[in-house]
Amino acid sequence: MARAWSNSGLDLLLDLDGGKGHRRELEGALRAAIREGRLRPGTRLPPSRALARDMGVGRGMVVEAYSQLVAEGYLGSRTGSGTVVVWAPGSNPSLEPLRETDEGPPIKFDWRPGSPDLSSFPRREWLRSVRRVLSTVSSSALDYGDPRGSEALRVSLASYLSRARGVRADPQCIVLCSGYSQALDLIGRTLRDQGARRVAVEDPGLLWHRAILQHAGLETHAVAIDADGIPVSQLTPEDAAVVVTPAHQYPMGVVLAPSRRSSLIDWATGNDTLIIEDDYDGEFRYDRDPVGALQELDPSRVAYVGTTSKTLAPALRLSWIVAPQRLLRRLVTAKVLADRQGAILDQMVLNDLLVTSVFDRHVRRMRAQYRQRRDQLIDGVTSRIPGVHVEGIAAGLHVVLRLPQGAPSEAAIIAAAFARGIAVQGMGFYSQGAATAEQALVLGYGRPRGHTYSSALDELIRLLSDLLVS
């Protein structure tokens, strides 16, 4: 590992893999220095021109590296203060907003993936359910209760997951959590307490989820996916579990092939390991009926995790684990130690939405809207920008736009978009190194608000056309 030294106003020692002076190496070195705490929040980085001179590289490479890390939430840029570190260990760069700076306009149109259309949250229906719950709930129900959460909601969820996702769910084996992050953390801590050392994860995938597992005391083994999902042959006996998104891989958008679904179950059975199924947007499939949950094939080997973050809103912090029986006792103990129990009133409201079929109607309505949005995005891009390929099945809330050869880098496109008040994200943000290095954008068509979608799409296509059409 080569080291590069800069003393342009700041003693800056960076580890560059290979020492070839590539932009991705510089990005990785800066990212690692920030994540490890060697570059702390508020630290001012050298001007791009000075750092380029000290390292013997082109200034454009440094500018692109800085721009990429600004887009990821690691750095901020402000007139008069230069480029500064804004991320600290323990925070989540994937959830950080793009920094509004004095050098560019505020974000007008946000195309980053990970969120539904929050303007479509069923406010009136939620309020009616709140009133109904508060008018009927007993005083005793407001006391400390079962750490697994509301029994009524667990019963309703078991029914809903069975008919909508094919999950074989016993209400007694459902643990309600505060979002997917807590669910994954609880499973990770439970595995560690059982002696696990390493968990396999998909690459590309959410870096934040890897950070959660690592914080729980586990190593992560990044396995590069292909067109059929995760290659089971790349898993090893050292992997105590594997985290997968079989219905709609995040972010590549492929579905786990039927042969690999069965092979994955066979691997877990043969190695006495666990499969963690992240069914983050399984309700949203547009070209056919949704693919059923992997958990159905063997509930004893799969911990199924679902959430309302895509169907309703991330702010609700409502998720659930359908746990294998052998994992349940330790998982409940971990939940007690984490927060004793979740927000019962919100659980009661969600239960009311389920039993009155309001939740189903909302999902059907949003499924139609997101399908229309996806079609509009694909039609607009493919008809006006030659050479761009849209990848991924017709599902979920995002698409992958594979950039043509000779196109500007992801970082350059992200920076150009930011200058116009448009937020986009590149595939490089999700890769841990094993995945393909081909350039692509990951665009979330759920995030733009309903009444602004047409304008947001026009601006996005205009930006891409300016950058990619010669």
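In table form, for the structure just shown:
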| item | result |
| --- | --- |
| Positions within region 247-280 being touching a Lys or Arg at 6+ places or on another chain (Cβ under 7 Å) and over 19 Å from Ile174 (Cα atoms), in sequence order | Ile265, Ala268, Thr269 |
| Residues (over 20 Å from Ser156 (Cβ atoms) and modelled with pLDDT under 95) located in region 340-368 | Arg340 |
| Filter result for Leu186 (part of a helix (DSSP H, G or I), closer than 23 Å to Met252 by Cβ and touching a helix residue (DSSP H, G or I) at 6+ places or on another chain (Cβ under 6 Å)) | no |
| Residue under evaluation Val302, criteria (1) of a type in the set (Val, Ile, Thr); (2) over 22 Å from the mean Cα position of the chain (by Cα); (3) outside the structural domain of Gln439 (by TED's automatic domain parsing), criterion not met | (2) |
| Residue within region 435-444 that is modelled with pLDDT under 95, surrounded by 20 or more Cβ atoms within 10 Å (Cβ to Cβ) and more than 27 Å from Ala32 (Cα to Cα) present | no |
| Any pair with Cβ under 7 angstrom, 6 or more apart, that starts in region 402-422 at a residue that is more than 17 Å from Val442 (Cβ to Cβ) and ends at one that is surrounded by fewer than 16 Cβ atoms within 10 Å (Cβ to Cβ) | Gly421/Pro105; Gly421/Pro106; Gly421/Lys108 |
| Search result, residues across region 385-412 that are in contact with a helix residue (DSSP H, G or I) (Cβ under 6 Å, 6 or more places away or on another chain), of a type outside the set (A, V, I, L, M, F, W, C) and within 19 Å of Pro448 (Cβ to Cβ) | none |
| Gly292 outside any strand (DSSP E or B), closer than 24 Å to Asp375 by Cβ, touching a residue at least 24 places away in the same chain (Cβ under 8 Å) and assigned by TED's automatic domain parsing to the domain that holds Gln172 | no |
| Single match in Ile414, Ile385, Ile378 (criterion: within 17 Å of Ser67 (Cα to Cα) and of a type in the set (Val, Ile, Thr)) | Ile414 |
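The values are calculated or read from the model by the stated rules, or taken from the named source; none is laboratory data. A quick note: this is a predicted structure, and the numbers were derived from the prediction, not measured. Using ideal geometry, Cβ is built from the backbone for each residue, glycine included, and neighbour counts are taken over all protein chains shown.
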